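Trainee: I am attaching a structure below and will ask some questions about it afterwards.
The values are calculated or read from the model by the stated rules, or taken from the named source; none is laboratory data. All values reported here derive from a predicted model rather than from experimental measurement. Using ideal geometry, Cβ is built from the backbone for each residue, glycine included, and neighbour counts are taken over all protein chains shown. Side chains included, ligands, DNA and RNA excluded: accessible areas come from the protein's heavy atoms. Shrake-Rupley method; radii C 1.70, N 1.55, O 1.52, S 1.80 Å.
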Amino acid sequence: MRTDYLIREIRPADLHGLLKLYMHLHETGVPEDNGHLRHMWDEILADPHYHIVVCETEGQIVSSCVCVIVPNLTRGVRPYALIENVVTHADFRGRGYATACLNYAKEIAGQSDCYKMMLITGAKSESTLDFYRNAGYSSEGKTAFYQLLDGNIVF
């Protein structure tokens with residue numbers, strides 16, 4: 001068992017470390033530290049359905065994913081989980097950190113009695129798609145659709 005990293009949920013003091021990590025996702029800059037950012041951060045931290053899972057090693061956050069538990073009235077009134085913002089710092093890829101984050105998110109979903117987990121990726125590379133397949137996700141049987149509400153968002 002590896003002990004060179006820690007998987008945990010985000011802490012209030014982790015905001016800037018997380019935003020720095022997001023530069024390895026698709027962000028082009030760190031948001032300005034203002035009232036809007038702080039309000040959103042406080043809202044996320046206060047939401048019992050919103051879980052930001054992080055991998056910490058060498059004193060920094062190097063991988064993360066978001067797991068949102070969505071209350072639901074179908075499937076025996078069981079919730080489902082949405083996974084988003086899966087990212088690993090470029091210098092730390094290939095070490096199993098993102099897989100560990102996803103496994104922790106799966107534990108959260110299981111403890112919440114979710115009947116499924118879903119994620120959508122914009123990635124086209126086979127290595128990234130294989131990563132999700134190896135983590136237990138399937139691209140078979142369902143079709144994902146999404147609609148961007150802000151024309152300024154670039155993927």
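Trainee: Pairs please, first residue from region 10-22 and under 10 Å from His89 (Cβ atoms), second anywhere and crowded, with 18+ Cβ neighbours inside 10 Å and among the small types (Gly, Ala, Ser), Cβ atoms under 7 Å, 6+ apart in sequence or on different chains.
Mentor: Leu21/Ser64
Trainee: Is there a residue in region 14-22 that is at pLDDT below 95 and open to solvent by 60 Å² or more (accessible area, probe 1.4 Å)? Steps first, please.
Mentor: Going residue by residue through region 14-22, those that are at pLDDT below 95 are none.
No: zero hits.
Trainee: Just a yes or no: is a residue in region 94-110 of a type in the set (Gly, Ala, Ser), part of a strand (DSSP E or B) and buried (at least 19 other Cβ atoms within 10 Å of the Cβ)?
Mentor: Within region 94-110 (the criterion being of a type in the set (Gly, Ala, Ser), part of a strand (DSSP E or B) and buried (at least 19 other Cβ atoms within 10 Å of the Cβ)), the answer is no, since none of the residues qualifies.
Trainee: Take the residues in region 62-79 that are open to solvent by 20 Å² or more (accessible area, probe 1.4 Å) and under 15 Å from the mean Cα position of the chain (by Cα), then tell me which one is nearest to Leu21 (Cα to Cα).
Mentor: Restricting to residues being open to solvent by 20 Å² or more (accessible area, probe 1.4 Å) and under 15 Å from the mean Cα position of the chain (by Cα), the top hit is Val68.
Trainee: Name the residue that is surrounded by the most Cβ atoms within 10 Å (Cβ to Cβ), counting only residues in region 48-61 that are out of contact with any Asp or Glu (no Cβ under 7 Å at 6 or more places or on another chain) and in a strand (DSSP E or B).
Mentor: Taking the candidates together, the pick is Cys55.
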